Amino acid sequence: MRIVVGQGSCGIAAGAAKVYSAIEAVIGSSAELTITGCIGMCFLEPVVDIYDGETLVKRLVKVQPSDAAKIIDFVNGNADAVNDIEITDDDKDFLLKQTRIALRHCGVINPEKIEEYIADDGYKALEKVLTTMSAEEVIEEIKVSGLAGRGGAGFPTWFKWNAARQSQGDYKYLICNADEGDPGAFMDRAVIESDPHNLIEGMLIAAYAIGAKEAVVYVRAEYPLAIERLTNAIREAEEKGYLGDNILGTSFSCKMRIKAGAGAFVCGEETALIESLQGERGMPRLKPPFPAQSGYWYKPSNINNVETFANVSWIILNGGEAFASMGTENSKGTKVFALTGKIKKGGLVEIPMGKTLRDVIFDIGGGIKNDAQFKAVQMGGPSGGCIPAELLDTVIDYKALGATGAIMGSGGMVVMDESTCMVGMAQFFLDFTAKESCGKCVHCRIGTKRMLEILNRIVKGEGKEGDIELLEELCYSIKDGALCGLGQTAPNPVLTTIRYFRNEYEAHINDKKCPAKSCSDLLSYAVVADKCRGCTLCARKCPVDAISGSPKNAHVIDKEKCIKCGACYNLCKYSAIVME
Amino acid sequence: MSCCNCNKSDLSLINDVLDKYACVDGSLITILQHAQDIYGYLPVDVLYHIADRTGSTPAKVMGVATFYSQFRLQPVGKYLIMLCQGTACHVNGSEKIEKAIKDELGISDGETTEDGLFTLKNVACLGCCSLSPVMMINDETYGSLTPEKTKEILRNLKAKED
Amino acid sequence: MDMINVKINGKEITAPKGQTILQIAEANGIEIPTLCYIAEVKAYGACGLCTIEVEGIPKLLRACSAVASDGMVISTDTPRVRQSRKIALELLMSDHTGDCKGPCSLNCPAGTDCQGYVKLIAQGKFKEAVELVKDKVPLPASIGRVCPHPCETACRRKMVEEPISIAFLKSFAADEDLKSGDKFMPEIAESTGKSVGIIGGGPAGLTAAYFLAVKGHKVTVYDAMPEMGGMLRYGIPQYRLPKEVLDMEIASIAELGVEMKNNVRIGADVTFDEIKNAHDATLVAIGAWKSSSMRIPGEDLEGVYGGIDFLRSVALKNPVKLGKKVAVIGGGNTAMDACRSAVRLGAEEVYVIYRRTRAEMPAEKVEIDEAEEEGVIYKFLNNPVEIIGEDGKVKAVKLQVMELGEPDAGGRRSPVPVEGKFETIELDNVIMAIGQKININGFETLELTDRGNISADTETFRTSLDGVFAVGDATNRGASIAIEAIGEAQKASEVIDSYLNGKMIGYKKPYVSEKIVTAADLADREKISRAKMPQRSPEERIHDFNEINLGFSVETAMNEAKRCLECGCHDYHDCKLIRYANQYDVKPERFAGDKHDCPKENELVYIERDQNKCVLCNLCVRVCDEDVGKGLIGLVGRGFTTVIKPEFADRSVTEFCKTCQKCVNACPTGALKTL
């Protein structure tokens, strides 16, 4: 038997490394112990799979180090030893309802062993391309597949490849954008950590198609494990002859290296990324010229995102038409989403385009935590927008999502319930973009700052009549005037929240109320006299002694003193404290 | 990391890195990353030294060192608390965790406690969204935080130092 | 060379292939604003001002980098483009801390460049100083002597010790110029063949005459009095403004070819219509020459005079007869002129009766003090309720005793009567200096305001009659100080010129950036006392009407001028930012918020850098790097808090900056300054 511990960053954070050590300590010779990447069921981490040969016999979830003995007991023949930690049928659905292409090896193979990748049809697509296809044929296959950039913009991949291929130049570069910046998306990290060879193979096919001799992966500095596993994978691939000179004995040569980013969201913009690769401040260049004409070291360059590359080998092996058979008229194949926030089953979800938001959030994600009311889902991170409950049946495709004011983006899907203030949400994203603005162009540098200031005063209850209109004016001007994608999309969270939740803005500004009861400056706490039993607990725990009262008598909160920390509200056993 | 008490950094520590990268175009960020690993932060004299060896101007090196959030020009505490400010953490109450840290240690984002033990740094998404709210202290990740749990973690670390 | 055809704003243009839209527009005289582009360095795209629309392209393009292609249809001035530029400029101004102009200049009703001429005086360039003053004020020797100088009221030097003696410096420079034998005379434009009639030869009329003549128009000034000068001649006593000085300045205006006709009273000697019909444009600047009445019993007694009537009689060298005891009623500058003139005419006891206290007196403090030195007795908190007569002559005045009540809307505490408390003083004469009114006789066809003044548009100075303009004391809010009338006249001359050229353009107050400065900001300044104007002693001066001020020496004047804090921006006239801000009518207040804060420094030794005025166009950095090849400065930080900083291990590298200065020249604002 083989015990496989899921060891993605998430899993490790949840304790997977400790689980691994605990099992290792007691395993003896009863079974083989190994690791795999991220299966994407974050809500169940740490996950331990037990295989008999190639057959998965048990999937154990939320495993603790103390469960090690039970697991060994099971592999030694006690069939009921791990029943209490086995995945439920309901939770199994989370995976069964998905269609995995980009993530097909994630959580299945050991990402640190190239042999496991090869055993699962790895590098077969590369071999097919190098030995049987011309560059034009590869680009044609990708064109047939309808694959579009998964990083956010959704630009047809074949078009970029073709532009770079046709661009004049003696030396061309292929670049992978793994600077996953959306604070709430982690599919790229999962792919690199769990299936690095799939990325390498996809990149090599792209390099062959455009004629690049050198490939660079620009990875976020915050992803140390991804860098470690990719470094290892590149070394393995070089050793096996998949990388370097005369790959697989053909005339195609390509080298690959990793460049670690240093923390700047704007480097997700391709020209800023190139500046950063060149060791400069990551400030976007003027376009045109586009990277296909003048990119890295001013040579023709092509940049795609991790998930885009992760689909390539599958398309080559299964044919562009198979990929295109999934999805909608204008969006083909599958898309991975990072489902987080107030969701019951958070994790990575890969589904064919054309499903609805409801399918993802309720059918796969199991609905809202604590069965609260669904309010909105934020898609596309700081460049995207909030889609309200009434649009839950929106189809997942570039056009339909764009029509809502949000974007497909890189696939961040943050679910919000009625306790999330939408003005606060807009403020959160503007705070992010204002901090991450590179400072080059005026519209973004000062415009996002001013938008943030206006939002700050609204959530503080200092909003003024005309603020919504002022925000809108700024939004449209920044979209029009900003130099790069960061600035041009920064207003989206504000515009969508104004569009769908204007009443919340108005409540903050006109009535000085936060309907979600989230903005602390607009809240006040009070004791409901006939519910209060006079237990004195709140008075004792109040950090500023704002609550007074004698035992067994109703207490009173001094609103002048109260700092709105909410401690009393959370402590009271009799629900005698109300928040208004 | 000083060579003596003269407040000058030991520049020899970074020579190997510079030997390897100084002549490779576009390596400034890589060099700075190594320098930060070596010195714990980026001392100004080290930046000047890097400029000198790479043929950049000090202005350019400073420009790069201050652009990226990974780089710091001041030493950090023994425990670097990286508090995730991702969307999921925000939705699940990271603001309250930040307040708890401030209450417990008296430091805000970018500040270090007077005893030099703790530095708080708000960071973009750590990518552990399902465990939100999350913080990382040195290499350890702490998930599903509550204000009370956060304070307890910090108190335990403090107790370890006493 | 390959050529392409493009259309910009409807104009067909042929241009070399490969040029940017900005280059093509520039070459064809189409202005596209930009702050961050100059030809010496690569396009950068930061300022967002050069955005334009191209047919078929949904996004706005940056003209600095977009290369034109054959057949492009380009629009550089669409509403969408203007909005984008306007927002960019508003955002920039909302993060801009600096004074375009000093408070002196901003507070001067005529907008005189006080800081500019004070600096020229400090450098000993008196003629140049006068030239600069005469950009706005053609009577500097006279005005410098009499102006209540709002410039000095606003002067920030008062937060260190005392304001700069701006007004006297002006008359000093003008005096020097007049006696130099090579006085400044403006160049006169070619004759336009148009004529302007100006009614009233006071400060406003003379000012308009000067500027309109300089613009090449034929100007005739009509005045009812025997000589030109208006209130400067007939309202201001000789001891403050010697008429010889005024004569010289009027002569300079006459030398420009201005025809001056005295003793012409409208309605009596000629009709308003006749003058109007004789000229292409007419300016009414008739002043306010009627003393206001107090409406108390006894005003018609013999020995009661109006303040300005009294002063006029003195100026005409035919003074009314005064007795031994004279009371002047009022607290303004006319009251001071009257009481001090009365002293000089031999009155033994001269009272100034004023309803409020010394602190509330609108007259200048120095005048109040000087009058007291000359023996004038103040009776504060007294309000005349009746002039008591005997045989038709003044015998006494009955005064209601007052006290100060609550502050009024203007912040001044209003006087209220103390119930039943009165005082009576014996007198021979009462001079009522409580205000002036317009005499409208002869101008009945003009529409008046509620107050009975001529109604004139505040931007175009147009009256109800086509081609007739009006300025000064006779208009709108009524009488004010001379510099106010001069300011209006100078602006009106621009409007009249545009009117004569066929398209009237009204005056619009330019938008300027202003910053708040407190005493704490100036705490490090060395205290240097304000220069004292040498004066004749009170004992001596009360016996004649000779000028009491003796004038600054050259040394005193230059030293005084050097006290200037130079608040206004050295780059105001060349600053692209403020020029565009005015072109796009910005309202940055709506985006008021945090500002990037960074003190002035001169780490580059020969160059002062004031980042508060920096727009992060990065031109200095790029020029130093790309064009000069030095790279001494760079961007630090990111986002809103980004600043530009010099960085070098060895300061000696800055020796190069001494002669280079390319960054200073490239800076589109006043953020960089050669030291």
*Picking from A:Leu286, A:Leu495, C:His217, whose Cα lies most toward the positive end of the charge dipole for the protein assembly as shown (charges on Cβ: Lys, Arg +1; Asp, Glu -1)?*
C:His217
*How large is the convex hull of the Cα atoms of region C:596-674 per residue, expressed in Å³ as a whole number?*
83
*Which one of C:Leu91, C:Ala557, C:Val664 has its Cα pushed farthest toward the positive end of the charge dipole of chain C, where Lys and Arg give +1 and Asp and Glu give -1 at the Cβ?*
C:Leu91
*For region C:221-319, which trypsin sites (Lys or Arg not before Pro) are both in a DSSP coil and crowded by at most 12 other Cβ atoms within 10 Å?*
C:Arg295, C:Lys317
*Enumerate the amide H contacts of C:Ile4 below 5 Å, restricted to partners 5 or more residues apart or on another chain; note that Pro and chain-start residues carry no placed amide H.*
C:Ala15, C:Lys17
*Accessible area per residue of region A:490-580 at 1.4 Å probe, in Å²?*
54
_Derived scalar couplings ³J(HN,Hα) [region A:140-154; Karplus, 6.51 cos²θ - 1.76 cosθ + 1.60; whole Hz; x for Gly, Pro]_ = 4, 4, 5, 5, 4, 5, x, 4, 10, x, 8, x, x, 6, x
_Net charge contributed by nearby residues that have their C-beta within less than 13 Å of A:Ala406 (K/R +1, D/E -1)_ = 0
*asked:* If I take every Cα pair under 8 Å that is 6 or more residues apart in region A:424-580, average their sequence separation and divide by the length, what percent do I get for the relative contact order?
replied: 19
_Buried accessible area, chains C and A (both chains, 1.4 Å probe, Å² to nearest 100)_ = 2800
_Around A:Glu465: net Lys/Arg minus Asp/Glu count, Cβ-Cβ under 15 Å_ = -2
*Output ³J(HN,Hα) for region C:243-256: one whole-Hz value per residue in order, computed from phi by the Karplus curve 6.51 cos²θ - 1.76 cosθ + 1.60 with θ = phi - 60°, and x for Gly and Pro.*
5, 5, 5, 4, 4, 4, 6, 5, 4, 4, 6, 4, 4, 6
_Amide hydrogen neighbours beyond the local backbone of A:Arg285, cut-off 5 Å, H modeled_ = A:Thr271, A:Ala272
*Among the residues of region B:60-100, which ones have their accessible area go down by 50 Å² or more when all the protein chains sit together, as opposed to their chain alone (1.4 Å probe)?*
B:Thr66, B:Phe67, B:Tyr68, B:Thr87, B:His90, B:Val91, B:Asn92
*Which semi-axis lengths, in whole Å and largest first, follow from the square roots of five times the eigenvalues of the Cα gyration tensor of region A:128-233?*
25, 16, 13
*Over region B:79-161, give the accessible area per residue in Å² for a 1.4 Å probe, as an integer.*
42
*Compute the normalised compactness of region C:209-349: alpha-carbon radius of gyration over 2.2 N^0.38 Å, N being the residue count.*
1.24
*Which of A:Ile3, A:Asn83, A:Phe94 sits closest to the plus end of the dipole of region A:2-96, meaning its Cα is farthest towards the positive end, when Lys and Arg get +1 and Asp and Glu get -1 on the C-beta?*
A:Ile3
*What share of all Cα pairs of region C:298-400, in percent, falls into each consecutive 5 Å distance bin?*
3, 13, 24, 25, 22, 11, 3, 0
_Pairwise Cα inverse-distance average, inverted: Kirkwood Rh of region A:446-574 (Å)_ = 17.1
*Give the Debye-formula value of log10 I(q)/I(0) at each listed q (0.20, 0.26 Å⁻¹), with one equal scatterer per alpha carbon of region B:79-161, two decimals each.*
-0.80, -1.38
_Convex hull of the protein assembly as shown built on C-alpha atoms - directionally averaged projected area, nm²_ = 68.0
*Could you give the C-alpha radius of gyration of region C:3-77 expressed as a fraction of 2.2 N^0.38 Å, taking N as the number of residues it contains?*
0.99
*Please identify every one of the trypsin sites (Lys or Arg not before Pro) in region C:69-140 that sits in a loop by DSSP and has no more than 15 other beta carbons within 10 Å of its own beta carbon.*
C:Lys125
*Can you give me the Cα centroid spacing of region C:50-96 and region A:75-137 in angstrom?*
51
*Going through region A:391-476, which GluC sites (Glu not before Pro) have at most 15 other Cβ atoms within 10 Å and a DSSP loop state?*
A:Glu462, A:Glu465
*Compare each residue of region A:329-357 in its chain alone against the assembly with all protein chains, and report those whose accessible area goes down by 10 Å² or more; 1.4 Å probe, heavy atoms.*
A:Thr340, A:Gly341, A:Lys342
*To the nearest 100 Å², how much accessible surface do chains B and A hide from each other in total, with a 1.4 Å probe?*
3000
*So who's got an amide H within less than 5 Å of the one on A:Ile343, skipping anything under 5 residues away but keeping other chains? H placed 1.01 Å off N, in plane.*
A:Lys369
_Table column - 3J(HN,Hα) (Hz), region A:65-73, Karplus curve with 6.51, -1.76, 1.60, x for Gly and Pro_ = x, 5, 7, 3, 4, 4, 5, 5, 4
*Give A:Lys143/A:Lys172; A:Lys435/C:Lys59; C:Lys508/C:Lys600; A:Lys287/A:Lys479; C:Lys136/C:Lys587 a once-over and call out the pairs whose C-alpha atoms are over 23 Å from each other.*
A:Lys435/C:Lys59; C:Lys508/C:Lys600; C:Lys136/C:Lys587
_Where N is the number of residues in region A:518-580, Cα Rg divided by 2.2 N^0.38 Å_ = 0.99
*For chain C, what is the relative contact order in percent, using Cα pairs closer than 8 Å and at least 6 residues apart in sequence?*
16
*Could you tell me what percent of the accessible area of the protein assembly as shown is made up of carbon and sulfur, with a 1.4 Å probe and every protein chain present?*
48
*Using a 1.4 Å probe, what is the accessible area per residue for region A:334-417, in Å²?*
25
_Please report the net charge: other residues with Cβ closer than 14 Å to the Cβ of A:Glu236, K and R +1, D and E -1._
-4
*Stokes-Einstein translational diffusion, chain A - Kirkwood Rh over all Cα pairs, 1.306 mPa s, 10 °C, in µm²/s*: 62
*asked:* How large is the translational diffusion coefficient of chain C in µm² per second when you combine the Kirkwood radius over alpha carbon pairs with Stokes-Einstein at 4 °C and 1.567 mPa s?
replied: 45
*Can you grab the distance from the C-alpha centre of region C:496-512 to the C-alpha centre of region B:122-162, Å, no decimals?*
67
*May I ask for log10 I(q)/I(0) of region A:2-96 at q = 0.13, 0.17 Å⁻¹, from a Debye sum over the Cα atoms as equal point scatterers with solvent left out?*
-0.37, -0.65
*Give the longest segment of chain A that steers clear of chymotrypsin sites (Phe, Trp or Tyr not before Pro) in DSSP loops with at most 14 neighbouring Cβ atoms within 10 Å, not counting the sites themselves.*
A:172-573
*How big is the Kirkwood radius of region A:334-417, worked out from every pair of different alpha carbons and given in Å to one decimal?*
12.2
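The values are calculated or read from the model by the stated rules, or taken from the named source; none is laboratory data. The model shown is predicted, which means the values in this text are computed figures rather than measured ones. Because the Cβ atoms are built from the backbone with ideal geometry, glycine has one as well, and the counts that use them run over all protein chains shown. Accessible surface is based on the protein model in full, side chains and every heavy atom, while ligands, DNA and RNA are left aside. Shrake-Rupley method; radii C 1.70, N 1.55, O 1.52, S 1.80 Å.
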